[in-house]
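Novice: Dropping a structure here in structure tokens format, bear with me for questions.
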Amino acid sequence: MAVLTIKNLAKTFGVGTAKASRVLDDISFEVRGGTFVSIVGPSGCGKSTLLNIISGVEEHTSGDISLTSDSGGPARMGYVFQDPRLLPWRSVMRNMMYVQDDQSEATKARARKYLDMVGLAKNADFFPGQLSGGMQQRVGIARAFAVEPDLLLMDEPFSHLDAITARGLRAQLQDIWAQSKKTVVFVTHDVVEAVELSDRIIVLQPGGKIYEDISIDLPRPRRQTDPTVATLQAEVLGRLEAMKAISRTPEAVA
Ligand SMILES: Nc1ncnc2c1ncn2[C@@H]1O[C@H](COP(=O)(O)OP(=O)(O)OP(=O)(O)O)[C@@H](O)[C@H]1O
Ligand SMILES: [Mg+2]
């Protein structure tokens, strides 16, 4: 199983300039294969920067990062962003296939399987402009899973959606994850969302240090309506009370 290992990672933007700013500071953690780990923290604490470093889009300043793949070959990564980033002139299916290395029938069948899992099998020939925001985001999620990545990176994928749509997509994500058992690193500023989805929550504090590393030991599937989920959500929120600016969704305070 893929394992992500990060040791003493630091990131400073603008090294050697007057504007140098340290965004990540001495970050160390390991993500075991098949687990769902969330990175939580207030805006600007370096969550997206960390994800970009893991994906290789951004260089780190010091420390080590390694990812072992399931196959023994180069590790494959999938990325789901805040916005779905679909190409508007391509159909749903052609957006699904755009990120694939090959266009074989087996790959198409896999793309269809994941589209089906997000309930969009019937929309394969639609164009993004014919889909709601939530449907577009479901295509983005299906597309990332269909790559069958060793590591799936998700950066606040539900933050642009209304609360009801986001709740539905979280349930759907849990179902797909339970079937695929992919290794996921999921960024969110929402502790409540993190408790619902994760095996473990790594809390970053402003300045980019790890504030707390919390195991979430709850049976799955987890539903917002389950009182044990709500109780743990309230407890984790309470533990992070000292850190301002961590969001509380209306569901959390209800
Ligand atoms: N390319 C860059 N050059 C300089 N500074 C940057 C760059 N990218 C990010 N930063 C700075 O790094 C800090 C962390 O940004 P980052 O986007 O990682 O935060 P975040 O935790 O993802 O925030 P949010 O929750 O708002 O998405 C911010 O102060 C930001 O201004
Ligand atoms: Mg961000």
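Novice: Relative contact order of the chain, please, whole-number percent, based on alpha carbon pairs below 8 angstrom and at least 6 residues apart.
Specialist: 26
Novice: Oh, and also: Could you check how many percent of all C-alpha pairs in the chain are farther apart than 33 Å?
Specialist: The share of Cα pairs beyond 33 Å in the chain comes to 19 percent.
Novice: Could I ask something else about it? Under 10 Å, Cα contacts only: if you run a Gaussian network model on the chain, which one of Val236, Val15, Val40 comes out with the highest mean-square fluctuation?
Specialist: Highest fluctuation among the options: Val15.
Novice: Out of every Cα pair in region 135-242, what percent are spaced more than 22 Å from each other?
Specialist: Values: 1846 of 5778 pairs.
Cα-Cα pairs in region 135-242 separated by more than 22 Å: 32 percent.
Novice: Can you tell me the dipole magnitude for the chain around its Cα centre, using point charges on the Cβ only (Lys, Arg +1; Asp, Glu -1), in Debye to the nearest 20?
Specialist: Value, rounded to 20: 460 debye.
Novice: Near Gly63, within a Cβ-to-Cβ distance under 15 Å, what is the net charge of the other residues, with Lys and Arg +1 and Asp and Glu -1?
Specialist: Working: positive: Lys7, Lys11, Arg22, Lys209; negative: Asp25, Asp26, Glu30, Glu58, Glu59, Asp64.
Around Gly63, the charge tally is -2.
Novice: Report the residue, chosen from Ile27, Ile164, Ile65, that carries the largest GNM mean-square fluctuation when the chain is represented by alpha-carbon nodes joined by springs under 10 Å.
Specialist: Looking only at Ile27, Ile164, Ile65, the largest GNM fluctuation is found for Ile164.
Novice: Moving on to the next point. Which longest uninterrupted range of the chain lacks any GluC sites (Glu not before Pro) assigned by DSSP to a loop state (not H, G, I, E or B) and surrounded by at most 13 other Cβ atoms within 10 Å?
Specialist: 60-240
Novice: Where is the GNM fluctuation largest for the chain (alpha-carbon springs, 10 angstrom cutoff): Gln233, Gln205, Gln100?
Specialist: In the Gaussian network model the winner is Gln100.
Every number here is computed from the coordinates shown, using simple stated rules; none is lab data. Remember, predicted model here, so these are calculated numbers, not experimental data. Here the Cβ is made from the backbone with ideal geometry for all residues, glycine too, and neighbour counts use every protein chain on show.
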